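What follows is a single structure, written as structure tokens, with notes after it.
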Amino acid sequence: MKRTHTCGELNKKQVGKKVILMGWCDVRRDHGGLIFIDLRDRWGKTQIVFDPSVAQAAQGLAKEIRSEFVLEVEGKVRKRPQGMENKKLPTGEIEVVVQCLKILNRCPTPPFEISDQADVAEEVRLKYRFLDLRRPSMQNYLILRHKTAQAVRNYLSKQNFLEVETPVLTRSTPEGARDYLVPSRVQPGKFFALPQSPQLFKQLLMVSGFDKYFQIVKCFRDEDLRADRQPEFTQVDIEASFVSRDDILEMVEGLIQTVFKEVSVKNIKKSFDRLNYKDAMNWYGSDKPDRRVPWKIEDVSEIFKNSPFKIFSQAAEQGKVIKALKVTPAQDLARKDFESLESEVKGLGAKGLGWAKLTSEGWQSPIAKNFSDQDKEGLLKKLKLKANDAVLFVADEWAVACQVLGALRLSLGKKLKVFDEKTTDLCWVLDFPLFEWSAADNRYVSVHHPFTSPHLEDLSLMNGSDLSKVRSLGYDLVMNGYEIGGGSIRIHDRDLQQKVFETLKISAEEATRRFGFLLSALEYGAPPHGGIALGFDRLVMLLANCSSIRDVIAFPKTTSATCLMTEAPSEVDEAQLKELHIQIKS
RNA sequence: GGGGCUGUGGUGUAGCUGGCCUAACACAUCUGCCUGUCACGCAGAGGAUCGCGGGUUCGAAUCCCGUCGGCCCCGCCA
């Protein structure tokens, strides 16, 4: 027997036709005589009818059918009686009258109803993921994921990019995320690492002359999970030779537009806004700003420099900044809301949060009584305040003040629903610092990675005292407050690479030991090159309007990095450990 | 490593300021009836010792401590 049609394609054009359908029993409506069953497959649902006057035997067997039984039915397509059409179904104009039924497999009562309406705890869904994935919405997410991957492959292939696979078993290159390690059986005491990204391999491919490379590839990072972070995730990894930063940015803009055109109903702009890191931090308090929140952080240090309010004026004197965020409209925020914000802020590293609300009766605020008339006037003018606006103040080190107000900007913007969640915003963040000081390590560390090229205008600063001023040729692609991609123009000069290692306090021996193959490759005629890696799961998540990448990954891990279905990771046999020369200490 | 939320029949929830809880409701399940339903309907039935362990108390789903699982966030994620 062969299935002639799927459950999503029959309509009145096939009326009268004999068909064979296969699928799962979605719902059963047993009227005693007539039995209706919605047969479901990944293409849709079709109503099948068992009529004792048409096929007595089939109708008798149909009495046994329960939810999620796997069925094969042979029957005739017929138009539903007048007024009995189901407008909610694409196949709702017809039904299949069954002449012959085969129960291909039975099913115990499922742990939850296979339906998008059913509200089931994620814990249960993940344990029975194979059932969860039967739900139409989950099937659509994976279909969307496939289409997105296809669009990416087609676009890049048309642009003459070549897909090349790189090793999954590779060497550990600390610095960066924690590695997943794989013990070597043949080399006692030695380990492979799973790649955090194919970064070095793609650079080597450039040295090999594959001037346009891409790969849709799994990457592994043994770090704590988030809604948008899994220990194994997929990147669209891209690298090209003889390109400038703008070449990469434009190519990626084309890629993203193509993806949107093929899989989404949303429209996005032709080219994406570019902001530099400093502005992103100053205006949005984040290097991955969600610009859909229509508020910008303002610097009001100048206004409070001479204020009688000592907390602010002294902060300004000490070289700190006073940042202000106008929250509008804020009529729904009461004193207790501001007070709870204040405690929230302390968890983020700020010493305090000032607030003031402008009501029709004047200022409502625990601190505004300390402001001079000049201060108030300055604020009104700079922030263009009107009744029912509130202002949040943080006086702190620049980075802290920005980040804290950035966090509040986002959480209040969402809470007060001041923007349409369905809109899409894409932008580039450029000119990141190349290095940042790590107090923990007592040295400078790479903001991106040690192979990122310094901004060519800043090369002279590389010898200066304040290395945090050196900008990089790195770039991040940001969508709705998520970093969906990041990359850079790389260093292709061995001496410059050596210099960066020195700056990072990575000794020559250490560099040779860890990245010798790269340094060697850079000597053998490395072309100028650069690239990007897109977070494929995040991209699909945003295209699907989901809030967790788990929803667009077939078999994801929990926040404690386990799989509830397979119960991985698991203990292994003593014999396996022995072969791998591994002993567990408890 | 830290903070927050959460765990009650198969599923989702209510109860959680301790005693009327002999744990309620909806869906699902089972039985019977039903020839036009599509969240089918009607009548009935079964099913949870409240994640687990300990403590307080005359009495614990309810309070306390510990522990395990899930989710969100900070740190971490070059």
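The values are calculated or read from the model by the stated rules, or taken from the named source; none is laboratory data. It should be emphasised that the depicted structure is a prediction, and the values quoted were computed from it without experimental measurement. All Cβ positions, glycine included, derive from the backbone under ideal geometry; neighbour counts span all protein chains shown. Ligands, DNA and RNA are stripped out before the accessible areas are found, and what is left, the full protein with its side chains, is counted by its heavy atoms. Shrake-Rupley method; radii C 1.70, N 1.55, O 1.52, S 1.80 Å.
So here's what we get for this one:
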item	result
Elements of type strands (runs of 3 or more DSSP E) contained in region A:1-60, each with 2 or more residues being more than 16 Å from A:Gly92 (Cβ to Cβ)	A:18-30, A:35-41
Among the candidates A:Gly23, A:Gly60, residue that is open to solvent by 20 Å² or more (accessible area, probe 1.4 Å), modelled with pLDDT of 95 or more and more than 10 Å from RNA strand B (Cβ to nearest atom)	A:Gly60
Which listed residue, of A:Lys381, A:Lys414, is open to solvent by 60 Å² or more (accessible area, probe 1.4 Å), closer than 30 Å to A:Ile256 by Cα and assigned to a helix (DSSP H, G or I)	A:Lys414
Within region A:435-489, tally of residues that are in contact (Cβ under 8 Å) with a residue 24 or more places away in the chain and among the aliphatic types (A, V, I, L, M)	11
Wholly enclosed strands (runs of 3 or more DSSP E) of region A:171-230 bearing at least 1 residues farther than 24 Å from A:Leu522 by Cβ, modelled with pLDDT of 95 or more and within 12 Å of RNA strand B (Cβ to nearest atom)	A:212-220
So A:Phe555, is it of a type in the set (A, V, I, L, M, F, W, C), modelled with pLDDT of 95 or more and open to solvent by 20 Å² or more (accessible area, probe 1.4 Å)	yes
Total residues in region A:484-505, condition hydrophobic (A, V, I, L, M, F, W, C), within 32 Å of the chain's Cα centre (by Cα) and open to solvent by 10 Å² or more (accessible area, probe 1.4 Å)	1
Of the criteria (1) within 14 Å of RNA strand B (Cβ to nearest atom); (2) under 32 Å from the mean Cα position of the chain (by Cα), which one A:Phe536 fails	(1)
Criterion (at positive phi, modelled with pLDDT of 90 or more and open to solvent by 10 Å² or more (accessible area, probe 1.4 Å)) met by exactly one of A:Asp420, A:Asp431	A:Asp431
Residue satisfying condition, being open to solvent by 70 Å² or more (accessible area, probe 1.4 Å) and closer than 29 Å to A:Val252 by Cα, within set A:Ser197, A:Ser208	A:Ser208
Given (1) closer than 30 Å to A:Val500 by Cα; (2) under 33 Å from the mean Cα position of the chain (by Cα), index of the condition A:Gly525 fails	(2)
Exclusive hit being without any contact (Cβ under 8 Å) to a residue 24 or more places away in the chain and out of contact with any Gly (no Cβ under 9 Å at 6 or more places or on another chain), set A:Gly349, A:Gly254, A:Gly354, A:Gly362	A:Gly362
Test: residue in region A:261-279 that is at pLDDT 95 or above and within 16 Å of RNA strand B (Cβ to nearest atom)	yes
Neighbours by Cβ (under 8 Å, 6+ apart or cross-chain): first from region A:115-130, in contact (Cβ under 8 Å) with a residue 40 or more places away in the chain; second more than 9 Å from RNA strand B (Cβ to nearest atom) and in a helix (DSSP H, G or I)	A:Leu126/A:Asp132
Selection status of A:Ala387, of a type outside the set (S, T, N, Q), within 12 Å of RNA strand B (Cβ to nearest atom) and in contact (Cβ under 8 Å) with a residue 12 or more places away in the chain	no
Residue under evaluation A:Glu113, criteria (1) more than 15 Å from RNA strand B (Cβ to nearest atom); (2) open to solvent by 60 Å² or more (accessible area, probe 1.4 Å); (3) not hydroxyl-bearing (Ser, Thr, Tyr), criterion not met	(1)
Count of residues meeting criterion [open to solvent by less than 50 Å² (accessible area, probe 1.4 Å) and within 11 Å of RNA strand B (Cβ to nearest atom)] in region A:116-132	5
Residue within region A:133-146 that is aromatic (Phe, Trp, Tyr), more than 9 Å from RNA strand B (Cβ to nearest atom), open to solvent by 20 Å² or more (accessible area, probe 1.4 Å) and in contact with a helix residue (DSSP H, G or I) (Cβ under 8 Å, 6 or more places away or on another chain) present	yes
